[in-house]
Amino acid sequence: MDSLQSEIAATAARLVVEEGLEYGPAKKRAVKQMGLNTRTALPDNDLLEEAVREYIAVFHGDTQPRELAALRKLALTWMERLQEFRPHLGGAVWHGTATRLSDIYLQLFCDDPKSAEIALIDHEVSYTPRTVTGFTGDSVEALSLSSMSPELGEPIGVHLLVYDHDDLRGALKPDAQGRTPRGDLKAVRALVAEAGDE
């Protein structure tokens with residue numbers, strides 16, 4: 001393993017955990033902080049995730065499990081509210097590397113892409129529409145909102161990424177490590193129940 005890539009990953013991991021940065025911006029900022037050329041090869045996301053897990057284990061092992069459980073509970077609340085849109089949880093909250101600074105990413109698989117937005121309007125939920133890069137590499141609509149976590153006592157960013165119902169087939173293919181890249185309502189309920197039993 002390239003030691004420079006490992007160093008960049010370690011620096012980026014600190015930014016992910018301590019500042020809540022997403023992986024892409026964290027890698028770029030790490031390169032800048034380390035005074036490296038902007039064309040320096042960046043570590044892949046698997047290496048960065050490994051560094052994030054190590055950083056959490058060393059510096060946040062006592063607080064992170066509780067924070068993760070609170071985020072998963074909040075994610076489950078939104079998944080239950082939006083269950084007609086086949087919600088799936090992805091990102092750090094699903095993979096177990098989230099802290100209180102992490103946002104929640106829910107992927108909705110809708111028959112009609114506008115139906116999720118209409119549901120938020122009907123329930124008077126305030127949100128900001130934006131366009132982001134989805135898991136297929138294409139642009140998808142995201143509905144971003146803020147939701148209070150009772151356990152953490154602070155608002156958490158919740159991003160609803162709106163996909164076409166047909167995208168669901170490709171969404172469940174295992175990632176490079178053979179893991180399920182996102183979880184449905186049943187899987188997230190199981191994670192929340194498991195945390196409650198500990």
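Only four residue types carry charge here, +1 at the Cβ of Lys and Arg and -1 at the Cβ of Asp and Glu. Report the dipole size of the range 64-197 about the Cα centre in Debye, rounded to the nearest 20.
460 debye
Run through the DSSP bridge list for the chain and note the antiparallel percent, rounded to the nearest 5.
Once the DSSP bridges in the chain are tallied, antiparallel ones form about 75 percent.
What does the net charge come to around residue 138 if you take all other residues with beta carbon closer than 12 Å to its beta carbon, with K and R at +1 and D and E at -1? Spell out each step's value before the answer.
Values: positive: none; negative: 141, 164, 167.
Neighbourhood net charge equals -3.
Tell me which of 108, 160, 185 sits at the most positive position along the dipole axis of the range 64-197, charges placed on C-beta atoms (Lys, Arg +1; Asp, Glu -1).
185
When the Karplus curve 6.51 cos²θ - 1.76 cosθ + 1.60 is applied with θ = phi - 60°, which whole-Hz ³J(HN,Hα) does each residue of the range 113-127 get, with x for Gly and Pro?
Calculated HN-Hα couplings, in order: x, 7, 5, 5, 5, 4, 4, 5, 4, 4, 9, 6, 8, 7, 8 Hz.
Rounded, prolate or oblate: pick one for the range 3-59, where a ≥ b ≥ c are the square roots of the eigenvalues of its C-alpha gyration tensor, a/c under 1.5 means rounded, and failing that, prolate if a/b is larger than b/c, else oblate.
Prolate.
For the range 53-108, what are Rg and Dmax over the alpha carbons, in angstrom?
Spelled out, the Cα radius of gyration and Dmax of the range 53-108 are 12.1, 40 Å.
Once phi is turned into ³J(HN,Hα) by the Karplus curve 6.51 cos²θ - 1.76 cosθ + 1.60 with θ = phi - 60°, what whole-Hz value does each residue of the range 183-193 show in order, with x for glycine and proline?
Karplus-based 3J(HN,Hα) across the range 183-193 equals x, 8, 3, 4, 5, 6, 4, 5, 5, 5, 5 Hz.
Under 10 °C and 1.306 mPa s, how fast does the chain diffuse according to Stokes-Einstein, given a Kirkwood radius computed over C-alpha pairs? Answer in µm²/s, whole number.
In µm²/s, the coefficient rounds to 90.
Based on DSSP H runs of at least 4 residues, each adding -39500 (n - 2.57), what is the mean residue ellipticity at 222 nm of the chain after dividing by all its residues, to the nearest 500 deg cm²/dmol?
Value at 222 nm, helices only, nearest 500: -14000 deg cm²/dmol.
Around residue 21, under 13 Å between beta carbons, what's the net of Lys plus Arg minus Asp minus Glu among the other residues?
Values: positive: 14, 27, 28, 29, 32; negative: 18, 19, 22, 103.
In short, +1.
Pairs of Cα atoms under 8 Å, at least six residues apart: use those to get the relative contact order of the range 106-188, whole percent.
Relative contact order for the range 106-188 comes out at 29 percent.
Expressed as a whole number of Å, what is the distance separating the alpha-carbon centroids of the range 59-88 and the range 107-133?
When both Cα centres are located, 19 Å separates them.
Net charge around residue 90, counting only other residues with Cβ within less than 15 Å of its Cβ (Lys, Arg = +1; Asp, Glu = -1)?
Around residue 90, the charge tally is -1.
A short reminder: the numbers here are calculations on the coordinates, not readings from a lab. These numbers were taken from a predicted model, which means no experiment stands behind them. In this analysis, Cβ positions are derived from the backbone assuming ideal geometry, glycine residues included, and neighbour counts consider all displayed protein chains.
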